[in-house]
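These notes are about the structure you will find just below.
Values in this text are rule-based calculations from the coordinates and carry no lab data. Treat the numbers as computed from the prediction; the structure is a model and nothing was measured. As a convention, Cβ positions derive from the backbone with ideal geometry for all residues, glycine included, and neighbour counts pool all protein chains shown.
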Amino acid sequence: MNRPLFALSGALCAVTGSAQSADKPSSEPQKRPNIVYIMSDDHAVQAISAYGHPLSQVAPTPNIDRIAAEGVRFDRAYCGNSVSGPSRATILTGKHSHANGFRTNADFFDGSQTTLPKVLKANGYSTAIIGKWHLKTYPTGFDYWKVLDDQGMYYNPDFVTMSGDTVRQRGYVTDIVTDESIAWIDAHKDRPFFIMVHNKAPHRNFQPAPRHLTLHEHTFFPYPDNLFDTWEGRVAAGRQEMSIAGHLMPAYDLKLYTRRDGWDPKTDWGPDYRFMDSTEREAYIASYDAANQAYYDNPPTGDSLTRWKFQRYMRDYFSTIAAVDENIGKMLDYLDSTGLAENTIVVYASDQSFYLGEHGWFDKRFMYEESMRMPLVIRYPAEIPAGTEAESTLVQNIDFAPTLLDWCGIEKPDSMQGESFRAVARGGDRAVKPGRDWRKTLYYRYWENPGIHNVMQHAGVHDGRWKLVYFFSNETPVPAECYFELYDLKRDPHEMHNLYGTPGTNGVTTRLRRELVRLADYYGDELPPCRELNAL
């Protein structure tokens, strides 16, 4: 294993590439495509206006939407383990968490294994990563890297450099990451390049750029229908510690303070604020003063308090996303103005999605749609027709590396468990037939318990309509507790009604239990034993 990166606990890849477009025949061979892989942290599908969710319509993302409009939007992209580090490790390796060794954020990434940047570098690409890494060991396979220390700070962040030094850089993190990525591309555009542009934003706790501190001060965000979910019939959901009502921290998450109480941002807001200078800190505090005073003058209670927390949470979250979208526009404009756009693959994704009040929650982890789903849009003018939509094809983060390699004309290594969805990107759902030349089901496994937010370990299978989730306690080799959940996403898209064991579901339950066991075996995973699984 490669040597530890001190204080680094947190990676995703950049993508670009292409072969000759079928829509644009030419006697000239197509140059190998460049890849710009832009990834954010915890950016929910519901917060990207190209996906049409009501929340995003009051706070649109025009530049991310531009990638979708000029390329392809995937509606059924999923991660295999909804946690930041594990998802990043999967994107790098094309392997599920158990296979790449990075199951939880407490693990250390083994950089000696085959990764996407290593394969591209060996095939003549210049490779780089700038921004969030979050895998605890130094990056490998990159000609250049400059990564945030641990989770990174929003204001004046520390970066770990290739020399091993840590340097503090003035500015707002999303702006810095994009500006430095553009500078690197500009210096390396004479040969095919691959760069991963990894944003910290909008990871909790959300801190908007100085120019966006009051952007959504008066925006009303619509409440999800299940904000007050009681989790009936869902044991693990009832045990979690990530509810908006009960688990958002007053100072850290909600920025509640009163100046007259002698509030000190160094202690009351925690270490994430310690890198702000006095001017930045004063402006930041001032942006919350009026709303906080109104809160203390007439404190809400009960459901009204939960709604207040939701609105504050949304305003900070979407204000932090504003800089991400602006900087994506800056990158697209640069590629267009330099003539690089036609032969550059631009990917925008998040490491997973995020709960924006659904089920009453924040964070991710569960196999439910709001956290397992990933936003994924790709622009590649040389091959992908504008306005392409992939609405039903099931793709997963194990597929990202194989797809990018395919575009670059490079055979995927045998170690990669994913497949190339290049045909879907350029042709939409009609390009593949599930069960004949594309998968019909997805595999999921969450490992991080005991851990933050107290989400039970679980594994599951997803076939596009039906989802079976197997929850189990963390005792080994035999869990002391295990149970199943079954959802019909066609009739119950918000996964409110656990159908497991109800009349009429025996057939689909048996089929999915068998498929879960088959997928675990296919990918080389070993599920904890349970009576229902052992009976198969």
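Could you please rank Asp165, Asp42, Asp225, Asp175, placing first whichever residue has the fewest other Cβ atoms within 10 Å of its Cβ?
Final ranking by Cβ density, sparse to dense: Asp165, Asp225, Asp175, Asp42.
Apply 1/(1 + (r/R0)^6) to the Cβ-Cβ distance of Thr476 and Glu389, taking R0 = 60 Å, and write down the FRET efficiency to the nearest 0.05.
After rounding to 0.05, the efficiency reads 0.90.
Treating the beta-carbon of each Lys and Arg as +1 and of each Asp and Glu as -1, no other charges, what is the dipole magnitude of the chain about its Cα centre, to the nearest 20 debye? Walk me through the numbers on the way to the answer.
Values: 57 positive and 69 negative charges, 186 e Å.
Using Cβ point charges on Lys, Arg, Asp and Glu, the chain gives about 900 debye.
Just want the answer: with Cβ charges of +1 for Lys and Arg and -1 for Asp and Glu, which residue in Ala431, Leu404, Trp308 is farthest toward the dipole's positive end in the chain?
Farthest towards the positive pole: Ala431.
For a Förster distance of 51 Å, can you work out the FRET efficiency between the beta-carbons of Ala183 and Ser415, rounded to the nearest 0.05?
Once the sixth-power term is evaluated, E becomes 0.95.
Given Cβ point charges of +1 (Lys, Arg) and -1 (Asp, Glu) and nothing else, what value in debye, to the nearest 20, does the dipole of the range 456-534 about its Cα centre take?
360
Which trypsin sites (Lys or Arg not before Pro) does the range 59-144 hold that lie in a coil by DSSP with at most 14 other beta carbons within 10 Å?
none
What is the sum of charges around Leu527, taking Lys and Arg as +1, Asp and Glu as -1, for the other residues whose C-beta is under 10 Å from the C-beta of Leu527?
Counting the neighbours of Leu527, the net charge comes to -2.
Taking the alpha-carbon centroid of each part, what is the distance from the range 51-95 to the range 457-492 in angstrom?
Here the two parts' Cα centres lie 24 Å apart.
May I ask you to sort Ser392, Ser84 by Cβ crowding, counting other Cβ atoms within 10 Å and putting the fewest first?
On the way: Ser392 13, Ser84 24.
The order, fewest Cβ neighbours first, is Ser392, Ser84.
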